[in-house]
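Notes for the one structure printed next.
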Protein chains: 2
Amino acid sequence: MSPQQARRPGEIAVEHPQASDAWLQYIGRIHTPWQRREDCPRQGDLDGPECQIEVFQPWDQALVGLQTTTPLEVLYWLDQSRRDLVLQCPTGRDHPVGTFALRSPVRPNPMGSSVVRLIAIEGPVLRVRGLDCLDGTPLLDLKPAHSAFIRTHSGG
Amino acid sequence: MSPQQARRPGEIAVEHPQASDAWLQYIGRIHTPWQRREDCPRQGDLDGPECQIEVFQPWDQALVGLQTTTPLEVLYWLDQSRRDLVLQCPTGRDHPVGTFALRSPVRPNPMGSSVVRLIAIEGPVLRVRGLDCLDGTPLLDLKPAHSAFIRTHSGG
């Protein structure tokens, strides 16, 4: 979606300074069944369809020690999203809401986060359930989910 | 921490391509009591010390509709972290583990995520509990935490 696209009534866009304070490297790619934003579920379902997370070299080496028993936090880049809205009118709401009060993909730094169930690790490919993003979404990071971390470590 | 720093035995660094696939804009700054990495708690505590999240203009306009009753997900940039380790030896472990099996700040895209309790919204400043990052950490994003989102919307 480009910033040139029409805004809904009440939505407010700001001049995005395009400042590059930090840079990201895509470390993999996410494969899901959803080709268009309107096909994506509103949020991931841990019993939803299986998706694949492909980790690029050399970062596949960083999968050592990952446990399928631990819920996994996935961070990804919503590369189709505009970045300039401060007020948005999500579908199904009749008044605009601030971007930070929503989990909309339209954000100043359009990052998505999901907690997924890790089904299997097959070399550099993770089979997971719980994602809701578009097919082809660039991967930014993987880590044990916070709640799992608490459970794993609070006993010892 | 710079990539030039000594690695611990068993740690493996890779050539980081420094590819700039996407750019980030700092949209605020996080104020915490911790000035050095070794002072930071291992993970945030929802009853821990109060911290402030300062949101820069024009993004403060995007706070409209944020509820103090909703746990908030905070994404931030760990700007002091090296980015090239695929295997790491965290303190207290005697063997190296893959970066993606850890919540260490050292990661290819060094982003931190925390779920915090929002105590008050005072103009562009959020008072929160539950962070564990260094004072001065750049802010990347704010959104209602996933579990809260489920609770809020599952009834309607």
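The values are calculated or read from the model by the stated rules, or taken from the named source; none is laboratory data. None of the values given here were measured: they were computed from a predicted structure. Ideal geometry is used to build each Cβ from the backbone, glycine not excepted, and the neighbour counts take in all protein chains shown.
Of note:
- Subset of the range A:16-45 [more than 13 Å from the chain's Cα centre (by Cα), more than 7 Å from chain B (Cβ to nearest Cβ) and of a type in the set (A, V, I, L, M, F, W, C)]: A:W34
Residue-wise test of (1) touching a Pro at 6+ places or on another chain (Cβ under 6 Å); (2) at the interface with another protein chain (Cβ under 8 Å from one of its Cβ atoms); (3) at pLDDT 95 or above.
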site: B:P108; (1), (2), (3): no, yes, yes
site: B:L131; (1), (2), (3): no, no, yes
site: B:L134; (1), (2), (3): no, no, yes
site: B:P138; (1), (2), (3): no, yes, yes
site: B:S147; (1), (2), (3): no, no, no
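- Annotation: A:T68 fulfils all but one of (1) in a loop (DSSP other than H, G, I, E, B); (2) closer than 29 Å to A:A6 by Cβ; the unmet one is (2).
- Output for the range B:59-100, where each listed residue is acidic (D, E) and facing another protein chain (nearest Cβ under 10 Å): B:D60, B:E73, B:D79, B:D84
- If you go through the range A:109-127 and keep only what is in contact (Cβ under 8 Å) with a residue 60 or more places away in the chain and not in a strand (DSSP E or B), you end up with A:G123, A:P124.
- Selection status of A:G112, of a type in the set (G, A, S) and within 11 Å of chain B (Cβ to nearest Cβ): yes
- The residues of the range A:25-43 that are buried (at least 18 other Cβ atoms within 10 Å of the Cβ) and not hydroxyl-bearing (S, T, Y), listed by number, are A:Q25, A:I27, A:G28, A:I30, A:W34, A:C40.
- Unmet requirement for B:D79, which otherwise passes all of (1) in a strand (DSSP E or B); (2) at pLDDT below 95: (1)
- Flag for B:L46 being surrounded by 15 or more Cβ atoms within 10 Å (Cβ to Cβ) and touching a residue at least 60 places away in the same chain (Cβ under 8 Å): no
- Qualifying residue in the range B:95-103 (condition: basic (K, R), modelled with pLDDT of 95 or more and assigned to a loop (DSSP other than H, G, I, E, B)): no
- Selection of the range B:82-94 for residues being in contact with a strand residue (DSSP E or B) (Cβ under 6 Å, 6 or more places away or on another chain) and assigned to a loop (DSSP other than H, G, I, E, B) yields only B:D84.
- Restricting attention to the range B:83-105, the residues that are surrounded by fewer than 19 Cβ atoms within 10 Å (Cβ to Cβ) and touching a Ser or Thr at 6+ places or on another chain (Cβ under 7 Å) total 1.
- On the stretch given as the range A:46-58, residues that are over 17 Å from A:R129 (Cα atoms) and either more than 8 Å from every other protein chain (Cβ to nearest Cβ) or out of contact with any strand residue (DSSP E or B) (no Cβ under 8 Å at 6 or more places or on another chain) (or both) total 2.
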